[in-house]
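Undergrad: Take a look at the following structure, please.
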Amino acid sequence: MGQRPNVLTPEQSPQHRLGYMIRELREARGLSMRELATKLFVSHAKVQRWENGERPPKDRGEVELIDRALGAGGFLIEMWQEIGRGVSAPEHVSESAAHVSDTSLSLATVVSQAATSDGEGIFVPARLDDGTVVLVALDRRAVLRAGMGIGTAAVAGLPVPPATAVGGAEDPFGFARSVTENWSGLRLSRPVPDYGVDWQALVPGGRSMLGSQLSLQVHPARIEGGRVIVSIPDQRRAEEFLTRPNRNLLVGAVAAEGASQFYVLDGRSARGRLTKNGGVYEVTAPTAYELDDLTQGILWAVANYDDALQADDQALAETRSDLKAYERLSASAVSREAAPGLNTVAHMWLGSDFCARHILRALPDLPTLPSFWTREQRGEEASAWLIFNHKFPYLRETTKVLGSTSTRAFCIPEEVVRSSPRYERILLFLAVALMESLGIHAQFTTDPAYEAVEGFVVAPEKEAVIANWVRGDGMWHVDVTARSSTVREFTIAARDVDADSITAAPTPAGRLRALAQYLDLPWSWLIERCGQLARHGSSGLIQSRSRLVSAAGIDAACAYVGSLPADR
């Protein structure tokens, strides 16, 4: 059996170029011929014939399996298609220095030409404005990375089709297509140089959230024994990715009928789970980490809040200390100009924290059992109850101080529900579930007339505590008042919602089921998915970096929802 040369020439056949690139990719991933044969369920001899160019893959299905196993991003399929029509070398070469026409070259053609040299540079044909064909120098490694779906190779005046095409051959698992179709605000790109990153994800912000950024590495995966096993053929690339200090997520793609299912694992969690199975490294993750609206909502909220708070950590701590003087006052309204260097999420955290402590100071002095009113309407606002480190302890402390159940009213008009994406509605639902788990009866009105009511705690007809940081003019507005007009206004609002709540029911499960119906969320699915996530915790999905962010609220809410009856 003949040996192929170490370096190909442009005159060699397309099937020899295809075989060469199969070998290049296999060796780059640290696989022997036998290991690749085992992954593909073929013989060692068959792999050898592919690589020698003696007998290329017989059909498209076979080459697609090879392409996916080697993470080639579709360009092996393009090279295989070249076998039927051949690739000819340029007929005329000129050394003229002139502008290169903006004519895109086939990515497969450019990558196959990377085999024409064993040096760092390669030459590809391009046509000048006058029709003359010239050879343009490109960096060989950049071209190979682009062909493998890792980066983008380009040279001035000579565009090379990027490996970021959503839904194209460079997205072999359909990951980019799937996530951008399901969550339209998400933006994916491929960095160059990539440093082990397959996709850079720009996570959208919100009305106050600023947006975030995630690094992703995608690998094939399978489900065994109720677990997801992610296969990582290139350990060096995985280590390069997982040891970076920025937030990164490992994504496992499990082939399913019609489309892949994706499972997400926080990079820090994945780092300690690498094990070797034969010649392939693997990471195990729970199936509870499937990427859907539940996990997407958690990823979105945690990444946004965590990154923004961590970015302003030192300045926020200093500002909180500076603003402590306001705690001696029974009333204050502090503008955002009091903390001009902080971002909007840091302002939110300061306002929420101050209002929580203001209410806890005032609660013991209220003459009768109070009713609470909160202004949160959307998942962005409500997720603070799940994520800010002081919110869950505040809820538990209020229950302890009151010594009995209490009520908390919300105003969520139908238009707000219609304009909120599903993952935000799930976050709102979880925040309310967290309250119900502590004996707080949630009540809801859809009347837009109540949207302007500030957050308050009212002892009916007696006294009121104002504490508002949501959608206000400043960071917070707090007060303690017995002013009859104010107390009367709050008393009427609380009684109106109590008398006509759209979620009225005698049990927490009944109220939450009515809320799920209003928010157009499937009840049985919520119980099943929250129960799955509660068994493993959310920290393996995404770990917080800021000391001001906690997963305790998310996990407690999921555990409670997962314990509810699915049939009533």
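Laboratory data are not the source of any read-out in this text; all were calculated from the coordinates shown. The shown structure was predicted, so the numbers you read here are calculated from the model rather than taken from an experiment. Neighbour counts run over all protein chains shown; Cβ positions are idealised from the backbone, glycine included.
Undergrad: Grab the Cα-Cα distance for R187 and L65, subtract it from 0.36 nm times how many residues apart they are, and report the gain in nm with one decimal.
TA: In short, 41.1 nm is gained.
Undergrad: If you place +1 on the Cβ of every Lys and Arg and -1 on the Cβ of every Asp and Glu, how big does the dipole about the Cα centre of the stretch 175-291 come out, in debye to the nearest 20?
TA: So the dipole magnitude of the stretch 175-291 works out to roughly 320 debye.
Undergrad: When a footprinting reagent is the concern and you count Cβ atoms within 10 Å, what order do V453, V63 take, fewest first?
TA: Listing V453, V63 from fewest to most nearby Cβ atoms yields V453, V63.
Undergrad: What's the ranking of 305-315, 276-286, 424-434 by average number of surrounding C-beta atoms within 10 Å, highest first?
TA: Descending mean neighbour count gives 424-434, 305-315, 276-286.
Undergrad: Still on this model: How much length, in nm to one decimal, is gained on full extension between T405 and D520, taken as 0.36 nm per residue of separation minus their Cα-Cα distance?
TA: 38.7 nm
Undergrad: Right, another one. Arranged by the count of other C-beta atoms within 10 angstrom, fewest first, what order do S501, S184 take?
TA: Exposure proxy ranking, most exposed first: S184, S501.
Undergrad: If the cut-off is a Cα-Cα distance under 18 Å, which lysines reach K391, setting aside same-chain residues fewer than 8 apart in sequence?
TA: Candidates past the 8-residue exclusion: K400.
Undergrad: Rank the residues R268, R207 as a footprinting-exposure proxy: fewest other Cβ atoms within 10 Å of their Cβ go first.
TA: Sorted ascending by nearby Cβ count, the order is R207, R268.
Undergrad: Explain nothing, just the number: dipole magnitude of the stretch 473-568 about its Cα centre with +1 on each Lys and Arg Cβ and -1 on each Asp and Glu Cβ, in debye rounded to the nearest 20.
TA: Roughly 340 debye for the stretch 473-568.
Undergrad: Then there is this: Taking the Cα of A504, stepping 7 Å toward and past its beta carbon, and measuring to each backbone N in the stretch 422-459: which are under 13 Å?
TA: Counting only backbone N, you get 443-445.
Undergrad: Does anything in the stretch 441-476 have its amide N under 18 Å from the 7 Å Cα→Cβ label point of L363, and if so which residues?
TA: Answer for the stretch 441-476: 441-443, 455-460, 463-469.
Undergrad: What is the extension gain from A482 to T344, computed as 0.36 nm multiplied by their sequence separation minus the C-alpha to C-alpha distance, in nm to one decimal?
TA: Working it through step by step, the gained length comes to 46.4 nm.
Undergrad: Among all the aspartates and glutamates, which ones have a C-alpha under 12 Å from K46's C-alpha, if same-chain residues fewer than 8 places away are not counted?
TA: Here the aspartates and glutamates satisfying the reach criterion relative to K46 are E54, E62.
Undergrad: Can you tell me the order of 384-394, 532-542 when each peptide is scored by its average per-residue count of other Cβ atoms within 10 angstrom, highest first?
TA: Most protected by this proxy first, the peptides run 384-394, 532-542.
Undergrad: Separate question: Residues of the stretch 530-568 with backbone nitrogen within less than 11 Å of a virtual label 7 Å along the Cα-to-Cβ line of A256, please, listed as ranges.
TA: From the stretch 530-568, the list is empty.
Undergrad: Moving on to the next point. Ordered by packing density, taken as the mean number of other Cβ atoms within 10 Å over each peptide's residues, highest first, how do 488-496, 64-72 rank?
TA: 64-72, 488-496
Undergrad: Under a Cβ-Cβ cut-off of 14 Å, what is the net charge of the residues other than V549 that fall near it, where Lys and Arg count +1 and Asp and Glu count -1?
TA: So the environment of V549 carries a net charge of -3.
Undergrad: So, with +1 on the Cβ of K and R and -1 on the Cβ of D and E, and no other charges, what is the size of the charge dipole of the stretch 223-364 about its Cα centre, to the nearest 20 debye?
TA: With Lys and Arg at +1 and Asp and Glu at -1, about 420 debye.
Undergrad: How much net charge surrounds R34 when only other residues with a Cβ under 15 Å from its Cβ are counted (Lys, Arg +1; Asp, Glu -1)?
TA: Once all neighbours under 15 Å are counted, the net charge is +3.
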